[in-house]
Amino acid sequence: MTTTRTSNQKAGDLIASRIAFTGNNLYGIVTSFDSDDYTYGRIPQEFGHQLKLDRPDYIVYSYGTPIAWHSNSGWFMPNCKYSTTTSKHQNYVRRAVS
């Protein structure tokens, strides 16, 4: 699978289209609905369970922590507070999927 290299600021269109990309500590991956082999990073446990239950087809990570994912139910963004940089990443995703 091809991964597009981009800046974090320009990742919005790729996120909205659910295209795999790599930015600077922000990246998106296409997953399989039947997979449950995810990297959870620092996501709180209840949201890790939600991620597993949702069986996403696309996940956006910041520093190895899932900050948003897309599934049959649509987009889900955990209401979590992280570092200033990850907060910026969360805002990029919010703008891309709103």
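The values are calculated or read from the model by the stated rules, or taken from the named source; none is laboratory data. What you see is a predicted model, and the numbers here were worked out from it, not measured in a lab. Methodologically, a virtual Cβ is constructed for each residue, glycine included, from the backbone with ideal geometry; neighbour enumeration extends over all protein chains shown.
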Exercise for review: Residues that are surrounded by 14 or more Cβ atoms within 10 Å (Cβ to Cβ), in contact with a Lys or Arg (Cβ under 9 Å, 6 or more places away or on another chain) and at pLDDT 95 or above: find the strands (runs of 3 or more DSSP E) completely inside region 31-98 holding 3 or more of those.
Suggested key: 65-71
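Condition check ((1) free of Cβ contacts under 8 Å to residues at least 12 places away in the same chain; (2) closer than 17 Å to Thr3 by Cβ; (3) among the small types (Gly, Ala, Ser)) across all residues:
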{"position": "Thr22", "(1), (2), (3)": "no, yes, no"}
{"position": "Leu26", "(1), (2), (3)": "no, yes, no"}
{"position": "Ile29", "(1), (2), (3)": "no, yes, no"}
{"position": "Ser32", "(1), (2), (3)": "no, yes, yes"}
{"position": "His49", "(1), (2), (3)": "yes, no, no"}
{"position": "Tyr58", "(1), (2), (3)": "no, yes, no"}
{"position": "Tyr61", "(1), (2), (3)": "no, yes, no"}
{"position": "Phe76", "(1), (2), (3)": "no, no, no"}
{"position": "Thr86", "(1), (2), (3)": "no, no, no"}
